[in-house]
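Sharing a structure here in structure tokens format.
The values are calculated or read from the model by the stated rules, or taken from the named source; none is laboratory data. In this text, all values refer to a predicted model and were calculated from it rather than measured experimentally. Note that each Cβ is placed from the backbone with ideal geometry, even for glycine, and that neighbours are counted across all protein chains shown. For the accessible areas, the whole protein counts, side chains as well, though only heavy atoms, and no ligand, DNA or RNA atoms are used. Shrake-Rupley method; radii C 1.70, N 1.55, O 1.52, S 1.80 Å.
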Amino acid sequence: MRDRKLTGPWAGFSFKGGRLVTPEGRELEPQDLAWLSLTAAQAQEWRRLMEGRRRPAKPRPFTAASVVCLADAIADRHHSDGMGSTRSKVPSAPITAPGVPPLAILPPRSS
């Protein structure tokens, strides 16, 4: 097929000089399409797997909700340990990440 624009679900694709041209303008030669069937099968399997995960979960039983005054909750959290936070203290071990030299957390400088 030479120099034809495709229609229907293939709208945007065309043939030009023996090449398949994608809607983005990429020209594919016949040898470029050798693995197209495998790629399409992988894409179909991926869609099937994702559809299986999207199935609606079982409905959770309804439980009564309570109303919380945000200002009170923040104030309670702020004063709960006398330090202004209920979060854990700064870790004493160095922070590391793969391929990055460890960074030690140093205490604040005293003036």
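Restricting to region 1-21, name every residue that is of a type in the set (Val, Ile, Thr) and loosely packed, with under 12 Cβ neighbours inside 10 Å.
Passing the criteria: only THR7.
So which residues in region 14-36 are charged (D, E, K, R), at pLDDT 90 or above and within 32 Å of the chain's Cα centre (by Cα), if there are any at all?
Within region 14-36, GLU24, ARG26, GLU27 meet the criteria.
Something else: What pairs can you find where one residue is in region 29-45 and of a type outside the set (S, T, N, Q), the other is modelled with pLDDT of 90 or more and open to solvent by 80 Å² or more (accessible area, probe 1.4 Å), and their Cβ atoms are less than 7 Å apart, with a gap of 6+ or different chains?
Here the result reads GLU29/ARG19, each pair linking region 29-45 to a residue that is modelled with pLDDT of 90 or more and open to solvent by 80 Å² or more (accessible area, probe 1.4 Å).
Which of the residues belonging to region 38-71 are open to solvent by 90 Å² or more (accessible area, probe 1.4 Å) and assigned to a helix (DSSP H, G or I)?
Once the filter is applied, which keeps residues that are open to solvent by 90 Å² or more (accessible area, probe 1.4 Å) and assigned to a helix (DSSP H, G or I), region 38-71 yields GLN42, GLN44, TRP46, ARG47, ARG48, LEU49, GLU51, ARG53, ARG54, LEU70.
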